[in-house]
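Colleague: Just dropping this structure here.
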Amino acid sequence: MQAKRILVINGNPKPASLCRALAERYAQAAEQAGHSVEIIQLGDLKFLLGLEQGYQAAQALEPDLLRLQQAVLVAEHLVWAYPVWWGSVPALMKGALDRLLLPGFAFKYHPGKTIPEQLLKGRSARLLVCMDTPPWYFRWFQGAPAHRMMRHTVLEFCGIKPVRISEFGPVLQSSPAQRARWLGRVAKLGAAAA
């Protein structure tokens, strides 16, 4: 297996969480398997969450977002660990996506064309998604809105594919043994850079 450059991003703003543990276990296992890994905790970064003028005017990126953009450009495989909150990603992660995946960086529209050029092709992604809802209920009864958003309307829109999803839940009232099994599952994914 060829070594990959992997970027692991924890989108949970809490300093201690299952998402953080999963992100760190994935990164540790990937490094032990010989992959080059960078891990970023979004909660440690300093940036404005919102696009104050939408996409109509350029908004200067803070140093932390410039570093995150560079890390994305270098990576061959992106790993996002995050919880599902109200059917979507946390506000911190949504703000990072809005500010990070800009026209000219992640995609580019051309005159006369409706579909933009995908500027982040050649990368794959793994989503490590924690939820208090049972995963089967989230998929079949709620329609998995966070999965659809991250896979189709964010990552694949920018050319990142395949995007694979691993679900962990329900986290609420999960036992230490269950969490240990989840961490073991993530370690196998990290070792395989999958």
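Colleague: Go through (1) surrounded by 17 or more Cβ atoms within 10 Å (Cβ to Cβ); (2) closer than 23 Å to LEU119 by Cα one by one and return the number of the condition ARG20 breaks.
Modeller: Answer for ARG20: the failing condition is (2).
Colleague: Here are some conditions: (1) among the hydrophobic types (A, V, I, L, M, F, W, C); (2) under 27 Å from ALA187 (Cβ atoms); (3) touching a residue at least 24 places away in the same chain (Cβ under 8 Å). ALA16 meets all but one. Which one does it not meet?
Modeller: With (1) among the hydrophobic types (A, V, I, L, M, F, W, C); (2) under 27 Å from ALA187 (Cβ atoms); (3) touching a residue at least 24 places away in the same chain (Cβ under 8 Å) applied to ALA16, the lone miss is (3).
Colleague: Might you check whether a residue that is more than 25 Å from ALA191 (Cβ to Cβ) and without any contact (Cβ under 8 Å) to a residue 12 or more places away in the chain occurs anywhere in segment 118-131?
Modeller: No, there is no match, as no residue in segment 118-131 is more than 25 Å from ALA191 (Cβ to Cβ) and without any contact (Cβ under 8 Å) to a residue 12 or more places away in the chain.
Colleague: Among the listed residues GLN28, GLN59, which satisfies the condition of being in contact (Cβ under 8 Å) with a residue 24 or more places away in the chain and either of a type in the set (D, E, K, R) or over 22 Å from TYR82 (Cα atoms) (or both)?
Modeller: Result of the check over GLN28, GLN59: GLN59.
Colleague: So which pairs qualify, if the first residue must be in segment 40-54 and under 13 Å from ALA91 (Cα atoms), the second must be surrounded by fewer than 16 Cβ atoms within 10 Å (Cβ to Cβ) and small (Gly, Ala, Ser), the Cβ gap must be under 7 Å, and the two must be at least 6 apart or on different chains?
Modeller: Every condition considered, the pairs that remain are LEU49/ALA91.
Colleague: While we're looking at this one, here's another question. Out of segment 85-114, which residues are under 21 Å from ALA71 (Cα atoms), without any contact (Cβ under 8 Å) to a residue 40 or more places away in the chain and touching a helix residue (DSSP H, G or I) at 6+ places or on another chain (Cβ under 9 Å)?
Modeller: LEU100, PHE105
Colleague: Cβ-Cβ distance below 7 Å, separation of 6 or more or different chains: which pairs start in segment 147-162 with a residue that is within 13 Å of GLN118 (Cβ to Cβ) and end on one that is of a type in the set (D, E, K, R) and assigned to a loop (DSSP other than H, G, I, E, B)?
Modeller: GLY159/LYS121; ILE160/ARG123
Colleague: A further question on this structure: Give, as residue ranges, the strands (runs of 3 or more DSSP E) completely inside segment 25-135 that count at least 1 residues that are of a type in the set (S, T, N, Q).
Modeller: 36-41, 124-130
Colleague: What number of residues within segment 163-181 are under 12 Å from MET131 (Cβ atoms), buried (at least 18 other Cβ atoms within 10 Å of the Cβ) and of a type outside the set (D, E, K, R)?
Modeller: Count: 4.
Colleague: In the set LEU42, LEU61, which member is surrounded by 15 or more Cβ atoms within 10 Å (Cβ to Cβ) and either in contact with a helix residue (DSSP H, G or I) (Cβ under 6 Å, 6 or more places away or on another chain) or within 21 Å of PRO162 (Cα to Cα) (or both)?
Modeller: From the options LEU42, LEU61, the qualifying one is LEU42.
Colleague: Among the residues of segment 143-162, which ones are surrounded by 14 or more Cβ atoms within 10 Å (Cβ to Cβ) and farther than 14 Å from PRO83 by Cα?
Modeller: ARG151, VAL154, LEU155, GLU156, PHE157, CYS158, GLY159, ILE160, LYS161
Where a number appears in this text, it was derived from the coordinates with a stated rule and is not lab data. No experiment lies behind these values; they were computed from the predicted model shown. FYI the Cβ positions are ideal-geometry reconstructions off the backbone, even for glycines, and counts take in every protein chain you see.
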